[in-house]
Amino acid sequence: MTRRSVVVGLSILIAGSLAGCAKPPAAEPPGPATATTFANALTAAEARAEAGDYVGADRILADFALKEKGTPEGQEVAFWRAMYMVDPNNKGASMAEAVRALDIYLATPGVKWSRAHAQVLRRTALSVQALRTQQPIRLAAGRDTVFVTREEEIAALRDQLAKANAELERIKKRLADPGR
């Protein structure tokens, strides 16, 4: 072997071993385009939710999550979808669904920008759920409670008046017949 072939061989060996020890390239942070589309999706979903269209808001967020699957923003959308489920104005979702969605978000590996918020929101949803099961909602069936209370008061006053009139008649009879 010539000296040159030994040097080339050693160079290749050193380069190969260094390449094997090198760290894999880190995932690049999301580009400005992803961050912008994430912000746009959140803004559009918020506008829909404010208008009472929670299904539309969820659709916007679900579409974004599919397009950006595997990105931190795509994973973060799960929090926002769960948050809109917890909203009391959202009549189409239940607290149980919201708790499940928050559990899934918290169990998903990866970056969670809203982890603390999700934990607080989950505890709040569980509290609301517990209160709803403890105290059944009582609805006035057919009558207004103010009207019922007023009507009951009138009936009680009529009853008192009838008793007072009966007592007055008894006293009149007694006074009319003093010998008895």
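Some notes on this structure:
- Scope region 50-62; condition assigned to a helix (DSSP H, G or I) and touching a residue at least 12 places away in the same chain (Cβ under 8 Å); matching residues: Tyr54, Val55, Ala57, Asp58, Ile60, Leu61, Ala62
Residue by residue, here is whether (1) touching a helix residue (DSSP H, G or I) at 6+ places or on another chain (Cβ under 6 Å); (2) under 16 Å from Ala44 (Cα atoms); (3) outside any loop (DSSP other than H, G, I, E, B) holds:
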site: Gln75; (1), (2), (3): no, no, yes
site: Ala78; (1), (2), (3): yes, yes, yes
site: Ala93; (1), (2), (3): yes, no, no
site: Glu97; (1), (2), (3): yes, no, yes
site: Pro109; (1), (2), (3): no, no, no
site: Thr124; (1), (2), (3): no, no, yes
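- For region 116-150, filtering for residues that are modelled with pLDDT of 85 or more and surrounded by 10 or more Cβ atoms within 10 Å (Cβ to Cβ) leaves 15.
- Matching residues in region 57-90 - criterion: being surrounded by fewer than 19 Cβ atoms within 10 Å (Cβ to Cβ) and among the basic types (Lys, Arg): Arg59, Lys67, Lys69
- Single residue of region 91-115 satisfying the filter (charged (D, E, K, R) and more than 11 Å from Tyr54 (Cβ to Cβ)) that is surrounded by the most Cβ atoms within 10 Å (Cβ to Cβ): Lys112
The values are calculated or read from the model by the stated rules, or taken from the named source; none is laboratory data. Keep in mind it's a predicted model, so treat the numbers as computed, not measured. In this analysis, Cβ positions are derived from the backbone assuming ideal geometry, glycine residues included, and neighbour counts consider all displayed protein chains.
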